[in-house]
Amino acid sequence: MAKKQQTNHLHCSFCGRTERDGATILPSPAEDAGICLDCLETAASMLGMIDTGEDEQAATVARARAASGKTHKSKAPAEHKEIPKPHEIKQFLDQYIIGQDQAKKYLSVAVYNHYKRLDQPADAEGVEIEKSNIIMVGPTGTGKTLIARTIARILDVPFTIVDATVLTQAGYVGEDIESLLTRLLQVADYDVQRAQRGIVFIDEIDKIARKGDNPSITRDVGGEGVQQGLLKLLEGSVVNVPPQGGRKHPEQPMIAVDTKDILFICGGAFEGIEQAIAHRLNSSFVGFSTDAATRRIERDRFMSHVAPQDLRTFGLIPEIIGRLPILTHLLPLDRDALRRILTEPKNAIVRQYIKLFAMDGVTLTFEPEALDFIVDKAIEFKLGARGLRSIVETIMMNPMYDMPSTGSKEFVVTADFCAKQLEEAHFDAAAV
């Protein structure tokens, strides 16, 4: 009789509701005590708020990794490999990049100091080494992206390339600034600690230059606004990063990434900056002096005199220039450099095609005159090193189509063959 009376009067000990009010009550071993489902959900929510941020971060990372289709195998943290010396970094770069010795030297020292800074022990004197991001200025096809990618290879760190032209201020069509770190997280398999030691190469940084001296006339959402947004990333701060992109999944939880140890390398062609350099150099000479300092500087060598004030004249804001303290340049490639690019690097273009044909049992040979012809065409149309591959691809298209079926074991590329193939493909007309 007592149990029946207890069941009839079972109520929630928190809100006081009974089963007669439509509440589902979970009874307790204690007499005349229980909790309804609504109060149980409220308690569970409160306990989740008390949980540590690390657990929530780990859960977010796990969900992001699952959404990307990647599996993460738990393993003991690997011991950090010894940092290669600047000479060793440059020697490695020399195997893949022809010329640009000054740029390779600058980046070798900058990268060595950066990762040495990450491993610095605690200093009793309070000396803290600040991060030195890098900006490379040079014409297209001179090796800016290749240098950054090769450095990331020797260091074995996460590396991603981001095109600055797609970045806009938050709320406008395009990608948010945080998408830079989203891609770095994806490359690092959402290992936050590993991503925080990675390298981000921001290409086409010159395309976000300020469009005019007076930014108040129009809203420059893809220029100065993006530069302002990049400041916190370059300087070093904790940024909440959407693991799958912020605009397609606005409800997703964020992953906190500290950018103070991420090395940012920026690159851009800065088309037309030679005029600013020439104006600055000429304005520094006054009078009728004819000493060596006043001699005319070759137009192709203007880039070697680039300075931070030239970047400001071009349209970069002073704040972002200050956060890119290492400024280096890449010179246009001359004929000798282009000729060496075809054959000398480990992944030289000619070597790649020789290997492709060898996989079909065909021995491919390029005559020296054919290589000279290809270089001449690249110079004629100002295509740079990137254009060498397009020329060779056009020349080798028909052989790559025919040779696997002919059963031939040898093929020789001559200058006359190159000229004929380019003529048939109307390459001259397309290049013009």
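State, to one decimal in nm, how far the label point of LYS420 lies from the label point of GLN309, with both points 7 Å from Cα in the Cβ direction.
Taking the simple label geometry, LYS420 and GLN309 are separated by 5.9 nm.
For the range 371-432, compute Rg over Rh where Rg is the Cα radius of gyration and Rh is the Kirkwood radius from the inverse mean 1/r over Cα pairs. Could you put the intermediate results ahead of the total?
Details: Rg = 12.2 Å, Rh = 12.3 Å.
Across the range 371-432, the Cα-based Rg/Rh ratio is 1.00.
Please work out how much length the chain gains when fully extended from THR165 to ARG389, using 0.36 nm per residue of separation minus the C-alpha to C-alpha distance, in nm with one decimal.
Working: separation 224, 0.36 × 224 = 80.64 nm, distance 2.45 nm.
Contour length minus the Cα-Cα distance gives 78.2 nm.
Checking the table LYS116/LYS144; LYS105/LYS207; LYS355/LYS420; LYS131/LYS382 against a 28 Å threshold on Cα-Cα, which pairs fail? Don't skip to the answer; put the middle values down first.
Details: LYS116/LYS144 23 Å; LYS105/LYS207 26 Å; LYS355/LYS420 24 Å; LYS131/LYS382 36 Å.
The pairs that break the limit, which is 28 Å between Cα atoms, are LYS131/LYS382.
Taking the simple approach of a point 7 Å from Cα along Cα-to-Cβ for both GLN228 and LYS116, what is their distance in nm?
According to this spin-label approximation, the distance is 3.8 nm.
Give a quick list of trypsin sites (Lys or Arg not before Pro) in the range 318-391 that DSSP marks as loop, anything other than H, G, I, E or B, with at most 16 other Cβ atoms within 10 Å.
Values: sites: ARG323, ARG335, ARG339, ARG340, LYS346, ARG351, LYS355, LYS377, LYS382, ARG386, ARG389; in loops: ARG323, LYS346, LYS382.
Passing both the DSSP loop test and the Cβ count: LYS346, LYS382.
So what does LYS232 come to for accessible area, using a 1.4 Å probe and Å² rounded to 10?
In the full protein context, LYS232 sits at about 90 Å².
Could you sort THR363, THR150, THR313 by their accessible area in this structure, using a 1.4 Å probe and putting the largest first?
Numbers: THR363 80, THR150 0, THR313 100 Å².
Descending accessible area places them as THR313, THR363, THR150.
What does the extension gain come out to for MET400 and ILE129, with contour length at 0.36 nm per residue minus their alpha carbon separation? List each step's numbers first, then the result.
Details: separation 271, 0.36 × 271 = 97.56 nm, distance 5.35 nm.
Length difference between fully extended and current span is 92.2 nm.
Can you give the accessible area of LEU327 in Å² (nearest 10), computed on protein heavy atoms with a 1.4 Å probe?
Rounded to the nearest 10, the figure is 40 Å².
Order ARG280, ARG194, most accessible first, counting only protein heavy atoms with a 1.4 angstrom probe. Before the final figure, lay out each step's value.
Values: ARG280 60, ARG194 95 Å².
Highest to lowest solvent-accessible surface, that is ARG194, ARG280.
Using only the heavy atoms of the protein chains and a 1.4 Å probe, how would THR394, THR24 rank by accessible area, largest first?
On the way: THR394 35, THR24 80 Å².
Greatest to least solvent exposure: THR24, THR394.
Can you tell me how much longer the chain between SER237 and ARG20 gets when fully stretched, taken as 0.36 nm per residue apart minus their C-alpha distance, in nm with one decimal? Before the final figure, lay out the partial values.
Details: separation 217, 0.36 × 217 = 78.12 nm, distance 5.53 nm.
Additional length available on full extension: 72.6 nm.
The values are calculated or read from the model by the stated rules, or taken from the named source; none is laboratory data. Predicted model only: the values in this text are computed from it and were never measured. Positions of Cβ are backbone-derived with ideal geometry, glycine not excepted, and every protein chain shown enters the neighbour counts. Just so you know, the surface numbers come from the protein's heavy atoms only, side chains and all, with ligands and any DNA or RNA stripped out. Shrake-Rupley method; radii C 1.70, N 1.55, O 1.52, S 1.80 Å.
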